[in-house]
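For reference, the structure discussed in these notes is given below.
The values are calculated or read from the model by the stated rules, or taken from the named source; none is laboratory data. Note that this is a predicted model, so its numbers are computed, not measured. All Cβ positions, glycine included, derive from the backbone under ideal geometry; neighbour counts span all protein chains shown.
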Amino acid sequence: MSATESTSAPALQNKLLAAIPDSERERVLREITPMFLPLGQILYESGAQLSCVYFPTSAIVSLSHVMADGTSAEVALIGNEGIVGVALFMGDAATPSRAIVQSSGWAYGLRGPLLEREFSRGGAMLQLLLHYTQTLIAQMAQTAVCNQHHSVEQQLCRWLLLRLDRMGTEELAVTEEAVADMVGVRHDDVVAELGKLRSLSLLHYGHGQIKIVNRVALEARACGCYSVIKGQSDWLFNMATNPPAVPVLDEGEPQNIGRPRLAPK
């Protein structure tokens with residue numbers, strides 16, 4: 001194991017773990033286990049029965065839909081903003097997607113029985129993970145729309161930006177072949193589009209490295225799918241940081257939850 005692999009990233013680098021209220025977080029932190037995820041490791045295959053969820057801190061995991069002929073296309077990208085293995089707490093331990101590590105790094109694992117115990121408490125962690133699942137489903141839906149209706153350049157820009165958000169760096173260690181597989185387009189098309197972006201001085205690439213030079217211009221060339229996906233994530237953590245206030249009812253007023261309180265005339 002290398003020096004980089006020998007020291008785990010702090011658990012609170014995962015935004016979901018950091019967003020759990022203090023009253024619950026300490027208990028959860030005692031139950032999670034740090035683990036290094038090497039590049040290319042398959043965390044689970046499509047149809048597998050899950051026994052653990054993963055909270056990435058420095059690793060990035062790709063969720064891919066596997067076709068009958070063995071080909072696959074990425075449907076979501078998960079980094080330190082999320083959790084891998086939502087099927088385990090959504091009522092079915094089997095998952096329809098494959099999870100593969102696209103960028104090596106650290107994550108924290110939480111075994112199924114321990115997760116179920118936390119959920120049985122019905123606290124803030126339950127609500128947070130359910131809201132995260134909503135954002136993950138939105139990412140999958142937006143990715144499907146993007147792949148169907150937008151140009152290869154727009155898809156590529158969206159993919160690069162999402163990966164940058166989850167890495168916190170402007171340099172990506174990824175090959176052209178891997179990009180083509182994840183975006184779900186032909187290798188020649190990826191090479192052509194990367195060459196175009198390089199000629200516009202938006203990025204440099206070569207020898208398995210892509211370095212973003214002008215992120216603002218890259219965002220301008222991406223489709224609106226990127227901002228929709230990012231907006232969902234921003235909404236989640238803004239809500240976790242600033243939860244909506246519970247309305248205070250006057251003494252004796254009926255407890256009709258969901259009924260708006262009318263202002264006096």
Picking from Val174, Val179, Val152, which residue would you name as being free of Cβ contacts under 8 Å to residues at least 40 places away in the same chain and buried (at least 16 other Cβ atoms within 10 Å of the Cβ)?
Val179
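Residue-wise test of (1) modelled with pLDDT of 85 or more; (2) under 29 Å from Leu17 (Cβ atoms); (3) outside the structural domain of Ala19 (by TED's automatic domain parsing).
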| site | (1), (2), (3) |
| --- | --- |
| Val228 | yes, yes, yes |
| Gln232 | yes, yes, yes |
| Asn238 | no, yes, yes |
| Asp250 | no, no, yes |
For the range 148-168, check the following and say yes or no: at least one residue is among the polar types (S, T, N, Q), outside any helix (DSSP H, G or I), at pLDDT 90 or above and farther than 13 Å from Ala76 by Cα.
yes
Do we have Met67 as at pLDDT 95 or above, surrounded by fewer than 20 Cβ atoms within 10 Å (Cβ to Cβ) and among the aliphatic types (A, V, I, L, M) here?
no
Across the range 76-114, what is the number of residues that are in contact with an Asp or Glu (Cβ under 6 Å, 6 or more places away or on another chain) and over 15 Å from Tyr44 (Cβ atoms)?
1
